[in-house]
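To keep things clear, I will list the structure first and then write my remarks on it.
The values are calculated or read from the model by the stated rules, or taken from the named source; none is laboratory data. This is a predicted model, so every value here is computed, not measured. All Cβ positions, even for glycine, are placed from backbone atoms using ideal geometry, and neighbour counts span all protein chains on display. With ligands, DNA and RNA removed, areas are computed over all heavy atoms of the protein, side chains included. Shrake-Rupley method; radii C 1.70, N 1.55, O 1.52, S 1.80 Å.
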Amino acid sequence: MTNDTRTGAVPVPTVSTQTVPTGTGDARITWHRAPRAARLVLAVSHGAGGGIEARDLRALAAGLPAHGVTVALVEQPWRVAGKKLAPAPKTLDAGWRGIWPALAAAGLPVVSGGRSAGARVACRTAAELGAAAVLALSFPLHPPGRPDRSRAAELLGAGVPTLVVQGGNDPFGRPEEFPDGDHELVTVPHGDHGFAVPKRADITQEQALAVITAAVVEWTASLR
């Protein structure tokens, strides 16, 4: 669909789903394709406690295609199979590797991303898969209350341009806890691990999601 200059209509993405067999079971990609020629693919997966219905993933799928970015929301095989608990990290990594050829099939640069556990997978596999960059949403720097169990090495070892988007009140790691590194970090004020903000905050939920979308739009535009 294209812009209608007479009505000012905004082009909308084409949405479709694709089942992808992997060595750990069938995965599923929900494609939100850019209405005009895409310049890159942003592939983002869910965390260990939820799916692609997460508010930040939905916001990116709604907002990025108009900026030339096709968004691929990826459901890992365990989620497609209806299981309640995520498998071990090595199994998540294997699933992501199995999904990758479908993400790269169009020949466009692919940004590897995810939220929480999905962000860890993206960081761990980015270099070997040839990802153009990594988007880490709500990166779980450590388990709540256990800063001694840092996962910073995964983030710092991504080996490609990385953007971290972190809630200001994320118990898995507040922005000020993150180590210095080559990554960029954007704070969502008052946001928790799911980027929810309390009603008493000086930012609305809609504004919080706009912070995320605007940051990712600007960052992806800078990737070459």
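Miscellaneous remarks
- Single unsatisfied condition, A105 versus (1) open to solvent by less than 20 Å² (accessible area, probe 1.4 Å); (2) among the small types (G, A, S); (3) out of contact with any Asp or Glu (no Cβ under 9 Å at 6 or more places or on another chain): (1)
- R28 in contact with a Ser or Thr (Cβ under 8 Å, 6 or more places away or on another chain) and of a type in the set (K, R): yes
- Hits in the stretch 197-224 (condition: small (G, A, S) and surrounded by 15 or more Cβ atoms within 10 Å (Cβ to Cβ)): A201, A208, A210, A215
- Residue match in the stretch 123-131 (condition: in contact with an Asp or Glu (Cβ under 9 Å, 6 or more places away or on another chain), open to solvent by less than 50 Å² (accessible area, probe 1.4 Å) and part of a helix (DSSP H, G or I)): yes
- Candidates P35, P77 - the one that is at pLDDT below 95, open to solvent by less than 40 Å² (accessible area, probe 1.4 Å) and either more than 18 Å from P140 (Cβ to Cβ) or within 15 Å of the chain's Cα centre (by Cα) (or both): P35
- Conditions (1) surrounded by fewer than 16 Cβ atoms within 10 Å (Cβ to Cβ); (2) more than 29 Å from Q205 (Cα to Cα); (3) of a type outside the set (A, V, I, L, M, F, W, C): number failed by K84: (2)
- Subset tally (residues that are open to solvent by less than 30 Å² (accessible area, probe 1.4 Å), touching a helix residue (DSSP H, G or I) at 6+ places or on another chain (Cβ under 9 Å) and of a type outside the set (S, T, N, Q)) for the stretch 132-151: 9
- Scan of the stretch 174-189 for residues that are modelled with pLDDT under 95 and open to solvent by 90 Å² or more (accessible area, probe 1.4 Å), ordered by number: D180, D182
- In the stretch 29-49 there is no residue that is in a helix (DSSP H, G or I) and either more than 22 Å from A126 (Cα to Cα) or in contact with a Leu (Cβ under 8 Å, 6 or more places away or on another chain) (or both).
Quick grid of which residues meet (1) closer than 28 Å to W100 by Cα; (2) among the charged types (D, E, K, R); (3) part of a loop (DSSP other than H, G, I, E, B); (4) in contact (Cβ under 8 Å) with a residue 12 or more places away in the chain:
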| residue | (1), (2), (3), (4) |
| --- | --- |
| Q166 | yes, no, no, yes |
| D180 | no, yes, yes, no |
| L185 | yes, no, no, yes |
| A201 | no, no, yes, yes |
| Q207 | no, no, no, no |
| R224 | yes, yes, yes, no |
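- Selection over the stretch 57-74 of residues that are open to solvent by 50 Å² or more (accessible area, probe 1.4 Å) and either closer than 11 Å to L42 by Cβ or in a loop (DSSP other than H, G, I, E, B) (or both) gives a count of 1.
- Among the residues of the stretch 96-152, those that are in contact with a strand residue (DSSP E or B) (Cβ under 6 Å, 6 or more places away or on another chain) and among the polar types (S, T, N, Q) comprise S112, S138.
- Scanning the stretch 103-117 turns up one or more residues that are of a type in the set (S, T, N, Q) and either within 29 Å of T19 (Cβ to Cβ) or over 18 Å from the mean Cα position of the chain (by Cα) (or both).
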